[in-house]
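The values are calculated or read from the model by the stated rules, or taken from the named source; none is laboratory data. Only a predicted model underlies this, so the values are computations on that prediction, with no experimental measurement involved. Here the Cβ positions follow ideal geometry from the backbone for every residue, glycine too, while neighbour counts run over all protein chains shown.
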Amino acid sequence: MKYEAVIGLEIHSELKTKTKIFCGCATTFGAEQNTHVCPVCLGLPGVLPVINKRVVEFAIRAGLALNCTINKFSKFDRKNYYYPDLPKNFQTSQYDLPIAEKGYVDIDVDGQKKRIRITRIHMEEDAGKLVHSGNTIKDSATSNVDYNRTGVPLIEIVSEPDMATPQEARVYMEKVKSILEYIDVSNCRMEEGNLRADLNVSLRPVGTTALGTKAEMKNINSFKAVEDALAYEIQRQQEVLEDGGHLVQETRTWDPDKGITLSMRTKEAAHDYRYMPEPDLVPIVTTDEEIAAYRKALPELPDARRQRLETEDGLSSYDAGIITGSRELAEYFDAAIVDGADAKLTANWMMGDLAKNLNAEGKTIQDSPVDAKRLGQMIMLISKGTISSKIAKKVFVEMWTSPDAPEKIVKDKGLVQITDTKAIEGIVDAVIAANPKPVADYKGGNTKAIGALVGQVMKQSKGKANPGVVNQLLKAKLDT
Amino acid sequence: MVMDGESMKVTKKDVEDVAVLSRLAIPEEEKEQYTEQLNAFLEYVDNLSAVPTDDIKPTAHVLQLSNVFREDVVKPSLGRELALSNAPLKEDGYFKVPKILED
Amino acid sequence: MRLFDKPAHVLHDMLVNKEITATELTKDVIARIDEVEGDVMAYLTQTREAALAQAAAVDEKIAGGKVISFLEGIPGAVKDNICTKGIKTTCASKILENFVPPYDATVIEKINAAKPVILGKTNMDEFAMGGSTENSAYHLTHNPWNTDCVPGGSSGGSAAAVAAGTAIWAIGSDTGGSIRQPASFCGVVGMKPTYGRVSRYGLVAFASSLDQIGPLARDVTDCANILNIIAGHDAQDSTSIDASVPDYTKALVADIKGLKIGLPREYFVKGMDADVEKAVRTAVKQMESLGAEIVEISLPHTEYAISTYYLIAPAEAATNLERYDGVSYGERVDGADIVEMMTNTRSRKFGKEVKRRIMIGNYALSAGYYDAYYLKSLRVRTLIKQDFDKAFEKVDAIVAPTAPTPAFKIGEMVSDPLKMYLQDVCTVPLNLAGLPGISLPCGFSNKHMPIGLQIIGKPLGEETILRAAYTYEQSQGFYKEMAELGGKKA
């Protein structure tokens, strides 16, 4: 039997507020253990939470950017479970009336568009951090608890099981990340755990609609792990089914080192969350006017920006997709072309030499040694014919290590393109004289033979001759 | 759901399950008593089933308050020493706990 | 001259007139503690040294010619479920045996700003679960009027201290009657303000949607003065009402002419003590003769209040008490792993009634039963509230007994939790509806045990019920009588 995978994601994204969701403790990453704590986030007897207004604003912004309906009446609930990183042994979260519901994200996988529906977005508090005495939780006789992260605000974005491949899941998560970055509600630093996902996957025979038994993998915090864990899990489930075995609904851990998922033994009774309305918090009521104002204040989102790059700047769909894939890339692009640099050429350079150099040094676009303004200036030099594309590559290498403007580099290094026909004419004449074979070929009707002659001229001019002018001159002389 | 004493009868197994949820260990000899008391209690509160409430909204809060927020402004934290002052066991500025089972 | 038997407003005037010093007063109350605390046992923690230092500071201030405020220099006590920075706060539970809060409850900050003398923390039912203070993990508290009887609960220590003269005033908390019922049993005045009128920040939660802090005092005048100090909005409590606080002492006017007072027929329940019924009905007649208009009313869902309360309160308590797990504060009983440690800690350090309510609460919240029990109780809660809304369209206040009986014998009810729960029939509806209520003495049983009259107000109707209570109080002398207790009267 042929099976297909059914995948749904629960993405947890840390919101970039200054303070925690229910108290005034700072959310700064990397502070010394148990220094960003107060009676409220420690869950001491007698304390009460008060909602951080920014959290609600950010959650609504995310809801709108992900095409959700904002619930005009929303409330918090207690999700009860015991864990030492959860001081109250309940997580203050949202259950039946989350802040946003029924949205979607459009993804593009290998040129195929697909809509992934979003079930809901809710606000909740993060748990603390456990430091184990051994290498893993399993082989640790004791663990230590740091409550700095306890109460850091999160939104959980729950998708419908609309994805069918690990690649779709990855692209979906990348898209959500880029949207959250565009609307500036999360830093999305995956290495700091700002963005992580719980993956739900099940299999069903192709052509059927009923959902199979699912497995859940929690806290996956890299795109690669999303793809790898799902690929492994789909394979595993398929093998069990093909062997006539039975799957059990379970939570499995992903071991990135071994590349496998492992079952976690769970007591069923311990997983009754006993949700109840949070009596210490009052509901959140949002009016139509407020929602409209939030909507109006949203920045341009990736899809719209991609559309703009295609129609206004003439980029291909593919290029526009890459450039708008992250807010930083898109902003770099806009800044590069703002003074008039050619859009297509800029895109090519960004995805070519710039990307190559950044990758080689493990840098992000934000700390690129060549900023958008200088790249734009360089591209304008190409367009004006001051330098050739070939010379530009040299200029770019110089720019990587020098803070100088490209114009100055071109001047200082004597890289200005020779467009003076007189200066080139001498070289052309010499090349024609020294290469009788290509000349004969060309004259004999093989027009391609001119390429070899152009190459020779360029070589002798050390690349400074304007290839267009060279071409023109050669043709003029050979055709007569 | 209908509350008729019959189908809602609490069993010893129910008591054991709720004890797990409550992180309480009920000694074997007390399970019977808990079962009886829980059943007596449920029988008592069963008088609510006579009240028609289909069209009645639940009241989780008596006050009609909404939108109580705080500004996103950092306040001083407690300080680690005070934070750990009531800890049963601590180590290097952490709260120390015994072996954690994955669950 | 003994001072412990006087209300705070009398002592305040004596301090202002320099007839006494705060130190003399504090020493006299401490002497009273030495005399009778062995019989009453109202305190869990005493803070005598700090108290004398506080008194000395007030004396210095008075000597310096400065004006003092109402509670300044007057010794009082605080229920042990209200967090006091640097002073042990146990909730009368073994699980918090050595817990010293690193912060003050908002109500403590407000009280401390008034510079009173704090004598200590009072006994209570563990985590405020109970109506007799017999559920304290530490010791019983005895009713000063008959030490074989309970003081009521859960604020039994606070009520007994005020009644015994071992505190001039006290602070308690009321989730289902925990201020009013012990006030009634001990012959003092106790008030549960409107839900949200007094900040809950720092009150160790029992049932968050029902809990409210309030005063216990010798008379209505003291009660109004203390309410002035503790009431008000708190940005740290999202359920706190953001409304200005009137001067409640302005309500201390002996005049209820034309006041419409409702008498709910459902509150005179079957099995009610005959002495209680007689005393309350006599008090109602008295109010009528003082000019109030008595209107018979019906609160038809009263018979469901106990069931509703005993589903909602344990459900909230079950989650509120999850935090006591031995991880970051409180006692820990070791175990091989974290689950065992948490389970051992909770099993050994929680008392029987607390465990029973946690079990009930978790059962009512668990999958499959949520709708039938918890959600159902929230719906009936709406009906109970609507009963009051309708009644208050016709009346300004409602009078009823505070408790169906006077104080009962220690041990009489411990074996029958359900019978104990029935004690709360007249008090829990107010918590469910968030209404203010005051209990004040209205007579004695044939065994000379105090009986309380409960006056119930609209939301934020504290002034109306204070006026009604004050008018009634001043028309008779029950409040002047103190328990004998071997101590000497002035």
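Would you be able to say whether some residue in region A:411-429 is surrounded by 14 or more Cβ atoms within 10 Å (Cβ to Cβ) and under 36 Å from the mean Cα position of the chain (by Cα)? Within region A:411-429, none of the residues are surrounded by 14 or more Cβ atoms within 10 Å (Cβ to Cβ) and under 36 Å from the mean Cα position of the chain (by Cα). Considering (1) surrounded by fewer than 21 Cβ atoms within 10 Å (Cβ to Cβ); (2) more than 8 Å from chain B (Cβ to nearest Cβ); (3) small (G, A, S), the lone condition that A:G151 does not fulfil carries the number (1). Condition first: under 29 Å from C:M482 (Cα atoms) and in contact with an Asp or Glu (Cβ under 6 Å, 6 or more places away or on another chain). Can you find one or more residues in region C:34-51 that meet it? Yes, some residue in region C:34-51 is under 29 Å from C:M482 (Cα atoms) and in contact with an Asp or Glu (Cβ under 6 Å, 6 or more places away or on another chain). The residue of region A:87-137 that is farthest from the other protein chains (Cβ to nearest Cβ), among those that are basic (K, R) and touching a residue at least 24 places away in the same chain (Cβ under 8 Å), is A:K114. Of all residues in region C:284-294, none satisfies being touching a residue at least 12 places away in the same chain (Cβ under 8 Å), in contact with a Leu (Cβ under 9 Å, 6 or more places away or on another chain), facing chain B (nearest Cβ under 9 Å) and not basic (K, R).
Among residues of region A:413-432 that are in a helix (DSSP H, G or I), those with a beta-carbon under 9 Å from a residue that is hydroxyl-bearing (S, T, Y) and buried (at least 18 other Cβ atoms within 10 Å of the Cβ) at least six positions away or on a different chain give the pairs A:A423/A:S461; A:I424/A:S461; A:I427/A:S461. Given the criteria at negative phi, modelled with pLDDT under 95 and among the charged types (D, E, K, R), does A:D288 qualify? No; evaluated as a whole, the condition is false for this residue. Among the residues of this structure, B:Q33 does not count as one that is on the phi < 0 side of the Ramachandran plot, within 10 Å of chain A (Cβ to nearest Cβ) and surrounded by fewer than 19 Cβ atoms within 10 Å (Cβ to Cβ).
Residues that are touching an Asp or Glu at 6+ places or on another chain (Cβ under 9 Å) and surrounded by 16 or more Cβ atoms within 10 Å (Cβ to Cβ) within region A:282-301 comprise just one, A:Y294. Among the residues of region A:121-131, the one identified as under 19 Å from A:I99 (Cα atoms) and either within 21 Å of the chain's Cα centre (by Cα) or among the small types (G, A, S) (or both) is A:I121. Just one of (1) under 30 Å from C:G434 (Cα atoms); (2) of a type in the set (A, V, I, L, M, F, W, C); (3) at pLDDT 95 or above fails for B:L42. It is (3). Is it fair to say A:E10 is closer than 30 Å to A:L230 by Cβ, surrounded by 23 or more Cβ atoms within 10 Å (Cβ to Cβ) and not small (G, A, S)? Criteria not met by A:E10. Tell me, which residue of region C:240-271 that is crowded, with 21+ Cβ neighbours inside 10 Å and in contact with a Gly (Cβ under 6 Å, 6 or more places away or on another chain) is nearest to the other protein chains (Cβ to nearest Cβ)? Ranking the qualifying residues of region C:240-271, first place goes to C:I241.
Out of B:V97, B:V62, one residue alone is surrounded by 13 or more Cβ atoms within 10 Å (Cβ to Cβ) and over 27 Å from C:Y329 (Cα atoms). It is B:V62.
Only one entry of C:E393, C:E340 meets the criterion of being out of contact with any Pro (no Cβ under 7 Å at 6 or more places or on another chain), surrounded by fewer than 20 Cβ atoms within 10 Å (Cβ to Cβ) and closer than 29 Å to B:V10 by Cβ, and that entry is C:E340. Taking every residue in region C:135-151 that is at pLDDT 95 or above and pairing it with any residue that is surrounded by fewer than 21 Cβ atoms within 10 Å (Cβ to Cβ) and not in a loop (DSSP other than H, G, I, E, B), at least 6 positions away or on another chain, the pairs with Cβ-Cβ distances below 7 Å are C:N135/C:E353; C:A137/C:K94; C:H142/C:D39; C:T147/C:D39; C:D148/C:K409; C:C149/C:K409.
Matching residues to (1) touching a helix residue (DSSP H, G or I) at 6+ places or on another chain (Cβ under 6 Å); (2) under 30 Å from B:D17 (Cα atoms); (3) among the acidic types (D, E):
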| residue | (1), (2), (3) |
| --- | --- |
| A:C188 | yes, no, no |
| A:L211 | no, yes, no |
| A:K224 | no, no, no |
| A:A231 | yes, no, no |
| A:Q238 | no, no, no |
| A:E250 | no, yes, yes |
| A:D255 | no, no, yes |
| A:H271 | no, yes, no |
| A:Y275 | no, yes, no |
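Within the bounds of region B:76-94, is there any residue that is outside any loop (DSSP other than H, G, I, E, B), surrounded by 17 or more Cβ atoms within 10 Å (Cβ to Cβ) and among the hydroxyl-bearing types (S, T, Y)? There is at least one residue in region B:76-94 that is outside any loop (DSSP other than H, G, I, E, B), surrounded by 17 or more Cβ atoms within 10 Å (Cβ to Cβ) and among the hydroxyl-bearing types (S, T, Y). For region C:1-31, residues that are closer than 23 Å to C:V220 by Cβ and not hydrophobic (A, V, I, L, M, F, W, C) total 8.
Scanning region A:351-370 for residues being surrounded by fewer than 17 Cβ atoms within 10 Å (Cβ to Cβ), of a type outside the set (G, A, S) and part of a loop (DSSP other than H, G, I, E, B) gives a total of 3. Quick one: is C:A167 assigned to a helix (DSSP H, G or I), buried (at least 24 other Cβ atoms within 10 Å of the Cβ) and of a type outside the set (D, E, K, R)? So C:A167 does not fit the description; no. Residues in region C:373-390 that are surrounded by fewer than 21 Cβ atoms within 10 Å (Cβ to Cβ) and aliphatic (A, V, I, L, M): C:L375, C:L383. When the residues of region C:272-301 are filtered to those that are touching a helix residue (DSSP H, G or I) at 6+ places or on another chain (Cβ under 8 Å) and in a loop (DSSP other than H, G, I, E, B), the one that is surrounded by the fewest Cβ atoms within 10 Å (Cβ to Cβ) is C:S298.
Only residues that are buried (at least 17 other Cβ atoms within 10 Å of the Cβ) and assigned to a helix (DSSP H, G or I) were counted in region A:461-470, giving 3. Got at least one residue in region C:135-145 being closer than 26 Å to C:D5 by Cβ and touching a His at 6+ places or on another chain (Cβ under 9 Å)? Checked against the condition, which is being closer than 26 Å to C:D5 by Cβ and touching a His at 6+ places or on another chain (Cβ under 9 Å), region C:135-145 yields at least one hit. Note on region C:357-376: residues that are of a type in the set (F, W, Y) and more than 9 Å from chain A (Cβ to nearest Cβ) amount to 3. Take the conditions (1) surrounded by fewer than 24 Cβ atoms within 10 Å (Cβ to Cβ); (2) at pLDDT 95 or above; C:V78 misses just one of them, which is (1). Inside region A:152-187, residues that are in contact with a Lys or Arg (Cβ under 7 Å, 6 or more places away or on another chain), over 25 Å from A:G30 (Cα atoms) and hydrophobic (A, V, I, L, M, F, W, C) make up a count of 1. Within region A:11-62, being within 30 Å of A:K175 (Cα to Cα) and more than 11 Å from chain B (Cβ to nearest Cβ) holds for A:I11, A:H12, A:S13, A:E14, A:F29, A:G30, A:A59, A:I60, A:R61, A:A62.
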